[in-house]
Ligand SMILES: Cc1cc2nc3c(=O)[nH]c(=O)nc-3n(C[C@H](O)[C@H](O)[C@H](O)COP(=O)(O)OP(=O)(O)OC[C@H]3O[C@@H](n4cnc5c(N)ncnc54)[C@H](O)[C@@H]3O)c2cc1C
């Protein structure tokens, strides 16, 4: 067990933290719990939201397989005992003076800073999209306020064109945007209306996952539902009045007219204050620039990052955090006592439902796919669907958020 970090003075207000964690999502809460479990005493979390979400369930909400709000818990119930919670948002970091400033103007000093504020929607990247969401003609499971509206909208579609997109990277577990698409296709198929629908899926790359052995299954599923797949493309703009979508393809812009419902996932970027604080990398998305193996800032030894906001170099996912949290908890303690740092191998997951009750679980790291030790490891399975829908949320709240990674 690493040596305990310095304890705060009893009753002191939060002006200094031994470990200051920015963002109380999957990454921040799991890490705070793991550090405290390992013996840390002075862990402070900055998180503005009173609601914590297990976001993978949003895809099941938008597919009629989970009730709205099933994925929510009060943040107060997931902040680990012993962690002090500052209910505010970080607005700037000064890594030279080791100070964080919040939106309400509080200054917090730190010895070690961990950035995990996730990504935010980049609405400006897709003109017309925010208005289209407001009009209810477009939406997606990725936006929590929109997710409960998705299934009523999809279920009501009986004919015409329907569009689904997988967002370009970086995005929070982008391939899972196929879940609502393929669960909806299965629903329409069972209702006998799939033949009256013109379903299009826009992929950012040539292949759905870029994982040999897994992509073949998905291509067969697309073909079985008669889905038109538009590859190496992204939505350029939408027009909620004309109900049209312009898709930027390698050969030019392709317009889809008379779209009955557009499940268009917004593009994503890191919060701007990361780059403004000199902690972002060269990418336009402004993710925190870290060594993707040690998870340490390339510029400041006392700054670290994990989760969606970190430039990890692989697809982000909640599953990836199981590994990142363990590596980072070790590395923070190891750095304080000049011990050897551990390496994160880039492990990530891409769970994709192929029908209403079947799921293919794809795992990979920087070396390539990590198939389950089963015959046909990437084949869609009912057991995998039940595990993803019913077992993982329990593991998330009972183990991962309690630092048992
Ligand atoms: C629809 C959907 C489906 C998904 N499905 C899966 C799946 O099936 N499997 C899987 O492994 N992964 C899945 N993911 C991805 C997974 O949810 C994310 O990778 C994971 O939540 C990332 O955790 P995070 O803590 O980095 O970011 P988040 O969970 O986004 O948390 C970030 C936190 O930081 C807070 N914050 C933001 N700005 C500030 C600020 N300025 N100051 C302080 N706090 C701030 C936010 O309020 C938030 O609580 C899915 C994601 C979505 C959206």
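Read the figures in this text as sums done on the coordinates, not as results from a lab. Just so it is clear, the structure is predicted and the values come from calculations on it, not from any experiment. Neighbour counts run over all protein chains shown; Cβ positions are idealised from the backbone, glycine included.
Based on Cα coordinates alone, diagonalise the gyration tensor for the range 248-405, multiply each eigenvalue by 5, take square roots, and list the semi-axes in whole Å, largest first.
Working: eigenvalues 191, 128, 42 Å².
Working from the Cα gyration tensor, I get semi-axes of 31, 25, 14 Å.
I'd like the Kirkwood hydrodynamic radius of the range 63-179, using the inverse of the mean 1/r over distinct C-alpha pairs, in Å. List each step's numbers first, then the result.
On the way: mean 1/r = 0.0559 Å⁻¹.
Radius from the Kirkwood sum: 17.9 Å.
Let me know the shape class of the range 122-184, please: from the alpha-carbon gyration tensor, a ≥ b ≥ c as square roots of the eigenvalues, rounded when a/c is under 1.5, otherwise prolate if a/b is greater than b/c, or oblate.
Details: a/c = 1.69, a/b = 1.20, b/c = 1.41.
It is oblate, given that a/c is not under 1.5 and a/b is not larger than b/c.
Rank these for me by crowding, 263, 16, 376, going from fewest to most other beta carbons within 10 Å. List each step's numbers first, then the result.
Values: 263 24, 16 19, 376 12.
Fewest-to-most ranking of 263, 16, 376: 376, 16, 263.
Give me the extension gain from residue 382 to residue 255: residue separation times 0.36 nm, minus the current Cα-Cα distance, reported in nm with one decimal. Write out the running numbers ahead of the final one.
On the way: separation 127, 0.36 × 127 = 45.72 nm, distance 3.70 nm.
That pair, residue 382 and residue 255, stretches by 42.0 nm at full extension.
Could you tell me the relative contact order of the chain? Use alpha-carbon pairs under 8 Å, at least six residues apart, and round to a whole percent.
Numbers: 887 pairs, mean separation 73.5, N = 405.
With pairs under 8 Å counted, the relative contact order is 18 percent.
Which angle from 0 to 90°, rounded to the nearest 10, does the C-alpha axis of helix 147-156 make with the longest principal axis of the chain?
10 degrees
Can you give me the angle between helix 318-336 and the longest principal axis of the chain, using Cα atoms only, in degrees from 0 to 90, rounded to the nearest 10?
20 degrees
Can you give the angle from 0 to 90° between the axis of helix 178-191 and the longest principal axis of the chain, with both taken from C-alpha atoms, to the nearest 10?
30 degrees
Report Rg/Rh for the chain, rounded to two decimals, where Rg is the Cα radius of gyration and Rh the Kirkwood radius. Don't skip to the end; give the middle numbers.
Details: Rg = 21.5 Å, Rh = 21.9 Å.
Here Rg/Rh amounts to 0.98.
I want to verify a result. In a Gaussian network model of the chain, Cα cutoff 10 Å, which of these has the top mean-square fluctuation: 369, 292, 250?
Judging by the Gaussian network model, the answer is 250.
Give me the orientation-averaged projected area of the Cα convex hull of the range 222-300, in nm², one decimal.
On the way: hull surface 34.7 nm².
Averaged projected area of the range 222-300's Cα convex hull equals 8.7 nm².
How would you rank 83, 185, going from fewest to most other Cβ atoms within 10 Å of each one's own Cβ?
Working: 83 21, 185 26.
If I rank by nearby Cβ atoms, fewest first, I get 83, 185.
Within 10 Å of each residue's Cβ, count the other Cβ atoms and sort 123, 273 from fewest upward.
Details: 123 15, 273 21.
Listed from fewest to most nearby Cβ atoms, that is 123, 273.
Alpha carbon centre of the range 257-332 versus the range 11-88: separation in Å?
Answer, in whole Å: 17.
What number, in nm² with one decimal, is the all-direction average of the projected area of the convex hull of the alpha-carbon atoms of the range 273-317?
Working: hull surface 12.0 nm².
That works out to 3.0 nm².
Between rounded, prolate and oblate, where does the range 233-273 land on the alpha carbon gyration tensor, with a ≥ b ≥ c its root eigenvalues, rounded for a/c under 1.5, else prolate if a/b exceeds b/c? Provide the component values of the computation, followed by the final result.
Numbers: a/c = 2.80, a/b = 1.50, b/c = 1.87.
It is oblate, given that a/c is not under 1.5 and a/b is not larger than b/c.
Under 1.5 on a/c is rounded, so check that first for the range 331-405, then, if it is not, pick prolate when a/b is larger than b/c and oblate when it is not; a ≥ b ≥ c are the square roots of the alpha carbon gyration tensor eigenvalues.
Details: a/c = 3.84, a/b = 1.72, b/c = 2.24.
Note, shape of the range 331-405 comes out oblate.
State the three equivalent ellipsoid semi-axes of the range 122-267, derived from the C-alpha gyration tensor as the square roots of 5 times its eigenvalues, in descending order and whole Å.
Working: eigenvalues 83, 72, 43 Å².
After diagonalising the Cα gyration tensor, the semi-axes are 20, 19, 15 Å.
When the helix-only estimate is applied to the chain (DSSP H runs of n ≥ 4, each -39,500 (n - 2.57), divided by the residue count), what is the mean residue ellipticity at 222 nm, nearest 500 deg cm²/dmol? Show your work: numbers first, answer last.
Working: 11 runs with 100 residues, N = 405.
The helix contribution divided over the chain gives -7000 deg cm²/dmol.
Please check: in the Gaussian network model of the chain (C-alpha springs, under 10 Å), which one of 132, 309, 223 has the largest mean-square fluctuation.
223
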